[in-house]
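Down below is the structure, laid out as C-alpha cells.
The values are calculated or read from the model by the stated rules, or taken from the named source; none is laboratory data. Predicted, not measured: the structure shown is a model, and the values here were computed from it. Virtual Cβ from ideal backbone geometry, glycine too; neighbours counted across all protein chains shown.
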C-alpha cells in the first residue's frame, strides 16, 4: 500500500501553523559526526516514544544543511537544554555558525560522537529508524547511555521553552504557579 499525497487545504495549513506557534516545546540540540566533521542542530520536536527500551523521536528539516550528515552518522547525542544553555540553542539554530569553534566547550565521547560538555542532561543514541516526509525526516533513536545533571531545587524553573517563535523560561508566581517569561524579545525566525 502506498500513501497518497494531496495538496493541503490552505485553511488547514494556516490553522496548523497557528496552533503549533502557540504550542510550547522543549529545546534540544542534536550532535553527530558522520566522519568528516561534527555537526549540530537545534530542534524543538524531540518527543519521548518508549521507556523500554528508552527511545526518542525528532524531526529534521530537509532545508537544514546538517540533516544529511546527522542521518549518515548513525548515532547522535541528544542534549536536553535548560535556560543556562540558551546561547547553545541559538548557536545550533543559526545557519552557517561554527558550532564547534573556539569558545565552545565540547568533547568526543569514547565512541566518537561530539558532546557539549556544558549541557548537564544528554544521551548518546543509535538511530533505529527514519521516516521521510514532505520537507523533513522523522528520526527514531534508542538511547544507549547518558546523564542527567539536574541540581536545582526547582528544575522546572530552569526549563528552556520554545513558543511563538521565541525562547522562554518558567518563573514561579506568588501563588506558586509557574508561568512563562520571554527570554528573547528580538527573536529571528531561525526554525524556518
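Descriptive notes on the structure:
- Test: residue in segment 29-46 that is in a helix (DSSP H, G or I) and free of Cβ contacts under 8 Å to residues at least 40 places away in the same chain: no
- Close Cβ contacts (under 7 Å, 6 or more residues apart or on different chains) running from residues in segment 94-114 that are touching a residue at least 40 places away in the same chain (Cβ under 8 Å) to residues that are exposed (fewer than 13 other Cβ atoms within 10 Å of the Cβ) and assigned to a loop (DSSP other than H, G, I, E, B) comprise 106/117.
- Taking segment 1-32 as the range and being at pLDDT below 80, loosely packed, with under 10 Cβ neighbours inside 10 Å and under 23 Å from residue 170 (Cβ atoms) as the test, only 22 passes.
- Residue among 82, 126 that alone is in contact with a strand residue (DSSP E or B) (Cβ under 8 Å, 6 or more places away or on another chain) and modelled with pLDDT of 95 or more: 126
- Qualifying residue in segment 102-109 (condition: under 22 Å from residue 54 (Cα atoms) and either surrounded by 12 or more Cβ atoms within 10 Å (Cβ to Cβ) or touching a strand residue (DSSP E or B) at 6+ places or on another chain (Cβ under 9 Å) (or both)): yes
- Identity of the residue in segment 131-145, part of a strand (DSSP E or B) and over 16 Å from the mean Cα position of the chain (by Cα), that ends up farthest from residue 107 (Cα to Cα): 133
- None of 113, 142 is modelled with pLDDT of 95 or more, farther than 18 Å from residue 34 by Cβ and crowded, with 16+ Cβ neighbours inside 10 Å except 142.
Residue-by-condition table, conditions (1) within 20 Å of residue 127 (Cα to Cα); (2) in contact with a helix residue (DSSP H, G or I) (Cβ under 7 Å, 6 or more places away or on another chain):
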position	(1), (2)
55	yes, no
70	yes, no
83	no, yes
100	no, no
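- Filtered by the rule that a residue be part of a strand (DSSP E or B) and under 26 Å from residue 136 (Cα atoms), segment 67-120 gives 75, 76, 77, 78, 79, 80, 82, 114, 115, 116.
- Looking across 65, 35, one residue alone is at positive phi and surrounded by fewer than 18 Cβ atoms within 10 Å (Cβ to Cβ). It is 35.
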